[in-house]
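The values are calculated or read from the model by the stated rules, or taken from the named source; none is laboratory data. Source: prediction; values computed, not measured. Here Cβ is always computed from backbone atoms with ideal geometry, including for glycine, and neighbour counts include all displayed protein chains. Just the protein is used for accessible areas: all its heavy atoms, side chains included, with ligands, DNA and RNA removed. Shrake-Rupley method; radii C 1.70, N 1.55, O 1.52, S 1.80 Å.
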Amino acid sequence: MKLATRISRISVSKTMAVMEAAIKLREQGIDVVDFGPGEPDFPTPDNVKQAGIRAIQENFTKYTAIGGIKELKKAIVEKHTRDFGSKYDISECVVNFGGKHALFNIFAAVVDEGDDVIIPTPYWVTFGDIARYVNANPIFLNTNESDGFRLTADLLARSLTPRTRMVVVNSPNNPSGAVLDNEEFGRIAKLCRDRDVFLLSDECYSHFLYDGRKPFSVASFTDLKSHIIIAGSISKTYAMTGWRIGYVLALPEIIAGIVKLQSHSTSNPTSISQKAALEALTGPQESVGIMLAEYAKRRKFVLERLRAIPGVKCAEPGGAFYAYPNISAAFGRGGIKDSVDFSAKLLEKVHVAVTPGEAFGTNDHVRMSYATSMEQLDKGLKRMHEFMAGL
Ligand SMILES: Cc1ncc(COP(=O)(O)O)c(C=O)c1O
């Protein structure tokens, strides 16, 4: 059967393929250590769950305003100002079904067919496919592993052309954990403004920073606001991946375009989730710090253990909850040619699931999520060490 061309331009997320292979092995009773999932292993905080329950009990179960309830939009812009020093009015905010939906709607609202969208490598899989879906050209821009995979304004300046419509930055980054230097981020934003290009900043992991570094948003450069579009998500910060709430902060015209699209597609984000999100943003914040402290411990542990494996190199992830080790020392051994072979063999031989770097645009790496228990990390890293030593 012939499907629409726009659907054949995209493929199922490669991160899902690992998950499915690991599930199959588990179904056979095999003890798989899974470093695949990009979601917190913590439950949603209790006060947030209670707010959701209350919403149901109080019959807050009907349609809401398409772009989200006013209280939630107010909570989003006020928290963004408190955390980062940005300045947004509620007319510059729309609530979506998660960060992914926010990104999709941004592309749909501002990127035209044939436009170029610059996406630094390594990148989160979804950026390229959304660009393809809207019939734009994803232009992948290599960053250097020796610089910790950080984009710089100089690097970007060499890639901008009159066809460039948008630049996508995701800091802290999935998969590498790279965090842009704040000043450099400002230089990138200024360059985008000077060249009349939108800068889309995906802030999904904005609160996951280590070594005492403070959360930062490029929207704190308020004089550059005309060209900055923020895609936010509460999924990871509050362990709320299943509730599906994200948001966009941008000029009112862009927000109006997105609301128009939502009015004919999803309508409002789930009413119950909106109430839960309101509690997450305005209620006690202790759980965020508790989760972050646990991720920080795991990050240290994972880095030490990875770097102890002969041949493995790993750039220091400054944020998010992923490590992105270079495993190319294994190439040419045990029939392994690339990151896909490496991941397949690791799963087959020692039952450890990782995501091949090929999914993120680099072939010498694999992504390991440390959003799992210390016990699982210990077990999986031991197995990985033995696997590498036995090649
Ligand atoms: C970089 C990045 N952006 C956005 C998202 C979207 O998350 P959600 O749709 O759950 O808000 C993810 C999820 O994995 C992500 O890794």
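Observations
- Gain upon complete extension [S263, A329; 0.36 nm per residue less C-alpha separation]: 18.6 nm
- Rounded tilt (10° steps) of 271-282 against the dominant C-alpha axis of the chain: 80
- For A276, the shell of other residues with beta-carbons less than 11 Å away shows a net charge of +3, using +1 for Lys and Arg and -1 for Asp and Glu.
- A straight chain from I30 to A153 at 0.36 nm per residue would run longer than the Cα-Cα distance by 39.5 nm.
- Between K297 and D196, the modelled label-to-label distance comes to 5.4 nm, taking each label 7 Å out from Cα in the direction of the beta carbon.
- Other residues within the sphere of radius under 15 Å centred on the Cβ of A75, judged by their own Cβ, net out at 0 (K and R +1, D and E -1).
- Percent of Cα-Cα distances greater than 25 Å, calculated over the chain: 57
- For the stretch 273-339, trypsin sites (Lys or Arg not before Pro) are listed when DSSP marks them as loop and at most 16 other Cβ atoms sit within 10 Å of their Cβ; the list is R333, K337.
- Per-residue packing, averaged as other Cβ atoms within 10 Å, sorts the ranges 375-382, 318-325, 115-122 into the order 318-325, 115-122, 375-382, beginning with the highest.
- The heavy atoms of D196 present about 110 square angstrom of accessible area, all protein chains included, probe 1.4 Å.
- Element breakdown for the stretch 1-62 at a 1.4 angstrom probe: carbon and sulfur atoms account for 57% of the accessible area.
- Tensor-based shape of the stretch 13-172 (alpha-carbon gyration tensor, a/c under 1.5 rounded, otherwise prolate or oblate): oblate
- Projected label points at E20 and E71, each 7 Å from Cα along the beta carbon direction, are separated by 4.2 nanometres.
- Both the radius of gyration and Dmax for the stretch 52-97 are 12.6, 36 Å, in that order, over alpha-carbon atoms.
- Alpha-carbon Rg with Dmax, taken over the stretch 108-179, Å: 12.0, 36
- Restricting attention to the chain, close to 45% of DSSP beta bridges with both partner residues there are antiparallel.
- Three-way shape label, the stretch 82-225, alpha-carbon gyration tensor, a/c 1.5: rounded
- For the stretch 160-233: accessible area per residue (Å², 1.4 Å): 35
- Length-normalised contact order for the stretch 212-308 - Cα pairs under 8 Å, 6+ apart - percent: 20
- Excluding ligands, DNA and RNA, the accessible surface per residue across the stretch 306-391 is 36 Å² with a 1.4 Å probe.
- Contact order relative to length of the chain, as percent, for alpha carbon pairs under 8 angstrom and 6 or more apart: 24
- Surrounding net charge for V312, when Lys and Arg each add one and Asp and Glu each subtract one, Cβ distance under 14 Å: +2
- Among the GluC sites (Glu not before Pro) in the stretch 78-177, those placed in a DSSP loop whose Cβ has at most 11 other Cβ atoms within 10 Å are E113.
- Taking all pairs of distinct alpha-carbon atoms in the stretch 325-385, Kirkwood radius in angstrom: 11.7
- Of the GluC sites (Glu not before Pro) found in the stretch 1-74, those that fall in a DSSP loop while having at most 15 other beta-carbon atoms within 10 Å are E58.
- Alpha-carbon spread of the stretch 145-258, three principal axes, descending order, Å: 41, 40, 23
- Take the Kirkwood radius over Cα pairs of the stretch 261-386, plug it into Stokes-Einstein at 20 °C and 1.002 mPa s, and you get 127 µm²/s for translational diffusion.
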